[in-house]
1. Which of the residues belonging to region 59-91 are assigned to a loop (DSSP other than H, G, I, E, B) and either touching a His at 6+ places or on another chain (Cβ under 9 Å) or more than 28 Å from residue 36 (Cβ to Cβ) (or both)?
2. Does residue 32 qualify as being farther than 24 Å from residue 140 by Cβ, in contact (Cβ under 8 Å) with a residue 24 or more places away in the chain and surrounded by 13 or more Cβ atoms within 10 Å (Cβ to Cβ)?
3. Starting from residues that are charged (D, E, K, R) and touching a residue at least 12 places away in the same chain (Cβ under 8 Å), keep the ones in region 11-29 and report whichever is nearest to residue 415 (Cα to Cα).
4. State yes or no: is residue 152 modelled with pLDDT of 95 or more and either in the same structural domain as residue 13 (by TED's automatic domain parsing) or not small (Gly, Ala, Ser) (or both)?
5. Given the criteria free of Cβ contacts under 8 Å to residues at least 40 places away in the same chain and over 23 Å from residue 329 (Cβ atoms), does residue 89 qualify?
6. Could you list, in sequence order, all residues of region 222-266 that are within 23 Å of the chain's Cα centre (by Cα) and acidic (Asp, Glu)?
7. Could you grab me the full set of residues in region 179-192 that are closer than 12 Å to residue 140 by Cα and either in a loop (DSSP other than H, G, I, E, B) or more than 19 Å from the chain's Cα centre (by Cα) (or both)?
8. Examine region 344-358 for a residue that is within 22 Å of residue 307 (Cα to Cα), without any contact (Cβ under 8 Å) to a residue 60 or more places away in the chain and of a type in the set (S, T, N, Q), and state whether such a residue exists.
Amino acid sequence: MRFLCVSAQLEGHLDWGGYLPTAVELMRSGHDVLWATGRELQSELAARNVPAAILNETGWRWPPPPPLKKGAAPEEEFQRLRMIRSLDQWLDVARVQAATQELVEVGKRFRPHLIVSEMFTAAAAIAAELLDVPFAVAGWPALQAQPSGPRESASGSLRDLARERVSACCRHFGATGVNWAPGGVAALQSPSLHLTYWSPRWYAGMPLLPQTRMVGGVAGPPLPRQTPWLDRIPAERPWIFITLGTAFTQDIGFFTIAARAAAEVGGVPVLAVGKGSATAGREEGWTAREIEILRRRLPQPSVLVERIRFAEALPHIAAAIHHGGAGATHALVTHAIPQIVVPKAADQARQASGVSRSGVGYHISPSQLSVPLAAEALQKVLADDAPARLNAVSLQKEFAALGGIPRAAQLLVAAA
């Protein structure tokens, strides 16, 4: 069978707990896979031997719109503008229409039996309908529409604006929107399959639709230590992993607070701060000056690296403070590591809620993050008999029992 996978052009959008590994598993099983995305991910896909269709436009705006300055605007208006900025990133009408046209042409050439998409490539949902191909969403559950509150149902609300944009995109192509949620928040919704790499306990109490299928996940075998800093960290002290993922990483305040909190509880901070930390002069990521400022503010001993290899480092990590990216959160769960999540984006808030619901850690708002609060949360999770640590072990077992990547591939084959 032929599977056309679609994603935005950010490294984290290859993940969602197992999206790219599922494509690799499909190929290992003899199926044909083509991954449509921006050229920014060409090398990552090539490293996994996944064929790529490079799109000039994915529908996802990158770099993002410029940051908002609050100024004298009332708080409610400022928050409204922030939400519109977020909407502009993935649901800009002109960008989505251009991406849809490209995907349709890719689909005509590749003739997929199933189109698979992460949640933020709106064009994939429309292209699948135009090509009359079954559609699946990877990494995100299908949710029942919830009643709107008075503020949300008011004329001109953000929810209405988002749905107007979806309608405009569909009208442009004569599509009905069969792969979109019929009510509530504008969201991709497959009629047949939403494949998630999480578990029932993770979603406890959420109004899931029956096409949501959960496969959990299993940590890969640990890699032998090959990175020099791993052997330089005091083994008798707990290692605290600290990261903001691979995008939006330049936050000296977050890393300083988290590292000092880790030191306060006797731990060694292990900071993975993203691009620019190892090579000065890059046009993206941290500048050399910013890295030097951060180094001077860190307690000693600390480790400051661009990124870590999960399979090599996570078996030695005692706890984590991070942003709530799906990939990092999922990896920590499959390694039974308690975590403190400080989310900065909508999808990260979902992971923070899952951490709280399943009892494997704590959720701290970015506006409330402080050394005392983060240290208190770390102290609660570091003891061997801490509830969060025990819950992390039981959740790890629940994830493993659901079948992981092989099961995910089977579900996609069944949906094609």
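The values are calculated or read from the model by the stated rules, or taken from the named source; none is laboratory data. These numbers come from a predicted model, not from an experiment. Here the Cβ is made from the backbone with ideal geometry for all residues, glycine too, and neighbour counts use every protein chain on show.
1. Within region 59-91, 60, 67, 68, 69, 70, 71, 72, 73, 74 qualify.
2. When the stated conditions are applied, residue 32 passes them.
3. Here the answer is 25.
4. Taking the combined requirement at face value, the residue does not satisfy it.
5. In short, no.
6. 251
7. Of everything in region 179-192, those that are closer than 12 Å to residue 140 by Cα and either in a loop (DSSP other than H, G, I, E, B) or more than 19 Å from the chain's Cα centre (by Cα) (or both) turn out to be 187, 189, 190.
8. Yes - at least one qualifying residue is present in region 344-358.
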